[in-house]
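Asks: First the structure, which I've put down as structure tokens, then a few questions once you've had a look.
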Amino acid sequence: MSDDAAMSEADLGAQLALAAEALRAERLEEVRHSVDRLVAAAPDDVRVQNLRGLYYFRLERFSDAQMVYRELASKHPKDTALRLNLGLTELKLGDHVAAVESLRRVILVEPNNQRAQGYLGLALMRSGDLRGAQKAFTLSGQHELQERVAMRLRELEEEGSLQRTELERAAGLGSALLDGDQPFVSPENEDASVDGARGAGRWQVRAPGERVPLPTEDLHAITPPLAIKSAEPVASFASARMLRASPGGEVFALAEGGMLITNVVQRVYTRTTGAVSSAATLEFEPLRRRVRGQVVEELFGDEDAPMFLASGRGTMLVSPRGGHFVLLRLEDDIVYVREQNAFSFDDSLGWENGRMPGAGANVLPPRLVQFRGQGSVVLRSDRPLFTLKVDPTTPHIVDAVALAGWFGRVQPKLMRGENGEATPYVECSGEGALLIEEPRA
């Protein structure tokens, strides 16, 4: 049996994550090799096929991407995100009738899916159905587009002519605003400077059934740049650049430029370092550490960046201030992270503070926090975080300063010298993945 055929689930997940990173960085030759290898190893895995579809779409091989998503949508008829991707691929191919059908099937299951409504409006507009487009844009919250379509309808009604040719000509209004639409995009806008719609978000490789925010939250955000641009109405500018509450009612989301949006409904644990704004209705109480199930007098965090219990209802906006935020969703997982990297987390998660076994005060990372259960946690790091696979046959010796945490059944052990003195290295054995942050020079 080949190595590819024997690929474990953990290795498959790690390879998918590396391929997604390569796709985001546009290392397309690397992605091609990854797609070939992963398809050979797990041809029926929805994540692998999703990666294949992403790769084809990035190469503008829309017919190939359509074939991938037709098959995925057929095999996973309840996965509306796959059906949405199929609809957007059909839009790229100019098959507006098929796109309308696909997007309407999404809305039939999720009538409040504003992204699907917005792209349905685009498909209807491009096919000439302005009245249908107006309704879809209204339901999607795209009020400026709804007003433009309504204005054009009034003009045509006054002229007494709503002929097909007029409708097709009017559909060009929407194309100028919404052309360049891309699927597979989330609100995690990492690099707004990237040209075109690719800068609207990051490429996604999803697990089966995982709900991913697709496409971008704001249809105006993917407007292609123009060489010459006239003055923009204040209301239009404000709407296009509006930082909204977390999509889908989720507690955390990342906005353009890496801003963290925290939507507090009742209770959230969070630091306030880098906070740009917070609702006046929120109250913040210093949080104390939990050790072995007991609350102790020691504060969670340090004087410069304490952790708080935020209660009430409202939104907080936080800048990474030159760092990086990472949003993780735990699904009955156990995650250990360096305490200094834990920034925010759901009240639904179980958590406990501790120390690296054998770590002294002068060895990093001495303080850790364990998260478990179901919920989301936000990590903040000065530099990008990476993962490193650990399996029973391949333990790793890691610089303690670089070790930001771990997932799975990893057993870390601080290494000591011949005389028992602590070293700056940690031996990690077991099975799982290490969370690595490149140390500063």
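Asks: Compute for the stretch 293-441: radius of gyration divided by Kirkwood radius, i.e. Rg/Rh, restricted to C-alpha atoms, rounded to two decimals.
Replies: Radius of gyration relative to Kirkwood radius: 0.97.
Asks: Can you return the lysines within cross-link range of residue 389? Criterion is Cα-Cα under 19 Å, with same-chain partners fewer than 8 residues away left out.
Replies: 413
Asks: While we're on this one: What is the Cα coordinate range of the stretch 399-441 on the first, second and third principal axes, sorted by size from largest, in whole angstrom?
Replies: The Cα atoms of the stretch 399-441 stretch 32, 28, 8 Å along the principal axes, largest first.
Asks: Express the carbon and sulfur contribution to the solvent-accessible surface of the stretch 23-105 as a percent, rounded to the nearest whole number, probe 1.4 angstrom.
Replies: C and S fraction of accessible area: 46 percent.
Asks: If you look at just the Cα atoms of the stretch 302-348, how large are its Rg and its Dmax in Å?
Replies: 12.4, 32
Asks: Work out how much length residue 154 to residue 419 would gain on full extension: take 0.36 nm times their residue separation and subtract the Cα-Cα distance, in nm to one decimal.
Replies: Using 0.36 nm per residue and subtracting the Cα-Cα distance, I get 86.7 nm.
Asks: Quick one: if the Förster radius is 25 Å, what FRET efficiency do residue 11 and residue 329 give, using the C-beta to C-beta distance and rounding to 0.05?
Replies: 0.75
Asks: Could I ask something else about it? For labels at residue 25 and residue 397 in the simple 7 Å Cα→Cβ model, what's the distance in nm?
Replies: Between residue 25 and residue 397, the simple spin-label model gives 2.7 nm.
Asks: Once fully extended, how much extra length lies between residue 74 and residue 131, figured as 0.36 nm per residue of separation less the alpha-carbon to alpha-carbon distance?
Replies: This chain segment gains 17.5 nm when fully extended.
Asks: For a bin width of 10 Å, list the pair-distance distribution of the stretch 17-74 built from all Cα-Cα distances, rounded to whole %.
Replies: Percent of pairs per bin, in order: 26, 58, 16, 0.
Asks: Please list 92, 78, 135 from largest to smallest accessible area, probe radius 1.4 Å, with all protein chains kept in place.
Replies: 78, 135, 92
Asks: Mind checking the per residue accessible area of the stretch 12-137 for me, 1.4 Å probe, whole number of Å²?
Replies: On a per-residue basis, the stretch 12-137 sits at 42 Å².
The values are calculated or read from the model by the stated rules, or taken from the named source; none is laboratory data. Just so you know, these numbers come straight off a predicted model, no measurement behind them. Methodologically, a virtual Cβ is constructed for each residue, glycine included, from the backbone with ideal geometry; neighbour enumeration extends over all protein chains shown. The protein model used for the area step is the full one, side chains on, heavy atoms only, and it has no ligands, DNA or RNA in it. Shrake-Rupley method; radii C 1.70, N 1.55, O 1.52, S 1.80 Å.
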